[in-house]
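Trainee: Have a look at this one before I ask anything.
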Amino acid sequence: MTDFFSMGGYGFYVWSSYIIFFSIISYVFIMNLMKLNEKKKKLINLEKQSDQSS
Amino acid sequence: MYLKLKKSYFDVLDRFTPFLVITTIISFIIGSYFALYGSPPDYIQGDSMRIMYVHVPSAWWALMSYSVLAVSCTIWFITRNPIFNLVAKSIAPIGAVFTLIALVTGSIWGKPTWGVWWVWDARLTSMLLLFFLYLAYIFLWQAISNKDLASKISAALAMIGFINVPIIKFSVDWWNTLHQPASISKFSSPSIDESMLVPLFIMAFASLCFLITMFSVRLRIEFIETRISRLRQKIYD
C-alpha cells in the first residue's frame, strides 16, 4: 500500500497531477451544471413574463 | 439573425446527460485503476510516466476542440448560420480547460523527467499560445457588445489561430525539443507497449465522454442565453 502511494518516489508528481486533473474537471462540470439550471429558471420566468405581456 | 433551432432538440440533450455522466464516471474509474495500479511503470521514467494517462488525452482533446472551433467559425463565415457560432462558443471553454490541464500536468511531469518545470521550447510555447488563443476567443465575445462584430472578429481570430495546430503537432519533429515525439501515429504502429496503451485509450475515451457531456451542457447554456436575450428584447421593446 505504501508502495502504491509513494509511486517509486514520484508520488508527489503523480498524485498532484491526478488531483489537479479530477479537481478541474469536477469543478468545471458542477459550475456549468449550476449555470445551466440557473439559466433554465431565468428562461421560464421570462417566458411567463412574455406570455403575460402579449 | 434567426436561430433555426427547436427547443425539442435540446430536450433530447437533457435526457442524454445522465447517460453521458454515468459513462464518463465509470470509464474514469476503470481508466484510473489501470493507469495508477493495473499497468507497469516505465523502465526509464518509472512511475512518473503515469502522468501520461491524464496529460496526453488532455492534449489530444485540446487540439481536437480547437479544430472543431476553427471549422465551426469557418462554416459560420461562409454560411452565416448562427448554430455554428453556438458550437464554437460552446467548445472554446472546454478546449481551454483541456489545454490548461495539459500544460499543468506536463509541467509537473517535466520536473522529475527533465529537471525543470518549464522550458521555452517549440511544443510547450505553441501549447501555451493555444491556451491564449482560447482565452482571446472567449474574451472577445465578452468584451464586444455588438454581437455581429464579435462574431466576425472572434471567428477571424479562431481561423488565423488554426495555423498553430499543425505547429503544435509537428513541433517535436521540426525543432530540437525536450518533449518526446509522438508515440502514437496513424502512419506507424505505436511505440508504447500494449499494457500502457490500454489505460491510455480508456482515459482518452473517458476524457472524450467528459468533453461531449460538457459540450452538450455548454450548447444548452448558449442556446438558452440566445433565447433569453431575444425574449428580453420582445418584453422591453
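No value in this document is a laboratory result; all are computed from the given coordinates. Treat the numbers as computed from the prediction; the structure is a model and nothing was measured. Positions of Cβ are generated from backbone atoms using ideal geometry, with glycine treated the same way; all protein chains shown enter the neighbour counts.
Trainee: Could you state the number of Å between the C-alpha centres of segment B:68-146 and segment A:1-23?
Mentor: Segment A:1-23 and segment B:68-146 have Cα centres spaced 27 Å from each other.
Trainee: State the percent of C-alpha pairs, over all pairs in chain A, separated by a distance greater than 12 angstrom.
Mentor: Numbers: 1063 of 1431 pairs.
Roughly 74 percent, once rounded to a whole number.
Trainee: What does the charge count around residue A:13 come to, taking other residues whose C-beta lies under 10 Å from its C-beta (Lys +1, Arg +1, Asp -1, Glu -1)?
Mentor: Residues close to residue A:13 contribute a combined charge of +1.
Trainee: Follow-up. Considering the options A:44, A:7, A:24, tell which one lies farthest towards the positive end of the dipole of chain A, charges being +1 on Lys and Arg and -1 on Asp and Glu at the Cβ, about the Cα centre.
Mentor: A:44
Trainee: So, one more: Quick check on segment B:86-237: what does the Kirkwood estimate of hydrodynamic radius come out to from the alpha carbon pairs, in Å? Write down the numbers at each step before the final one.
Mentor: Details: mean 1/r = 0.0552 Å⁻¹.
Across segment B:86-237, the inverse of the average 1/r is 18.1 Å.
Trainee: Let me ask something else about it. Compute the acute angle (0 to 90°) between the alpha-carbon long axis of helix B:147-161 and the principal axis of greatest extent of the alpha-carbon atoms of chain B; round to the nearest 10°.
Mentor: 20 degrees
Trainee: Once both axes come from the Cα atoms, what is the angle between helix B:194-236 and the longest principal axis of chain B, in degrees from 0 to 90, rounded to 10?
Mentor: Helix B:194-236 sits roughly 20 degrees off the main axis of chain B.
Trainee: Which angle from 0 to 90°, rounded to the nearest 10, does the C-alpha axis of helix B:164-174 make with the longest principal axis of chain B?
Mentor: Compared with the principal axis, the helix lies near 10 degrees.
Trainee: Same structure, new question: What does the net charge come to around residue B:217 if you take all other residues with beta carbon closer than 15 Å to its beta carbon, with K and R at +1 and D and E at -1? Display every interim value, and only then the final one.
Mentor: On the way: positive: A:35, A:39, A:40, B:15, B:89, B:218, B:220; negative: A:38, B:11, B:14, B:222, B:225.
Charge balance in the 15 Å sphere: +2.
Trainee: Next up: Quick one: of A:41/B:234; A:35/B:169; A:41/B:152; B:147/B:169, which pairs are farther than 27 Å apart, Cα to Cα? Working shown, then result.
Mentor: On the way: A:41/B:234 18 Å; A:35/B:169 34 Å; A:41/B:152 31 Å; B:147/B:169 33 Å.
Among A:41/B:234; A:35/B:169; A:41/B:152; B:147/B:169, the Cα-Cα distance tops 27 Å for A:35/B:169; A:41/B:152; B:147/B:169.
Trainee: Could you pull out the longest piece of chain B with no exposed loop trypsin sites (Lys or Arg not before Pro) in it, calling a site exposed if DSSP puts it outside H, G, I, E, B and it has at most 11 other Cβ atoms within 10 Å? It would help to have the intermediate numbers written out before the result.
Mentor: Details: sites that count: B:4, B:6, B:186.
Excluding the exposed sites themselves, the longest stretch runs over B:7-185.
Trainee: Quick one: what are the phi-derived ³J(HN,Hα) couplings along segment B:28-40, Karplus 6.51/-1.76/1.60 with θ = phi - 60°, whole Hz, x for glycine and proline?
Mentor: Values per residue, Gly and Pro as x: 5, 5, 5, x, 5, 4, 5, 5, 9, 10, x, 10, x Hz.
Trainee: Further question on the same structure: List, in order, the whole-Hz ³J(HN,Hα) value for each residue of segment B:60-65 obtained from phi through the Karplus relation with A = 6.51, B = -1.76, C = 1.60 and θ = phi - 60°; use x for Gly and Pro.
Mentor: Calculated HN-Hα couplings, in order: 4, 6, 5, 5, 5, 4 Hz.
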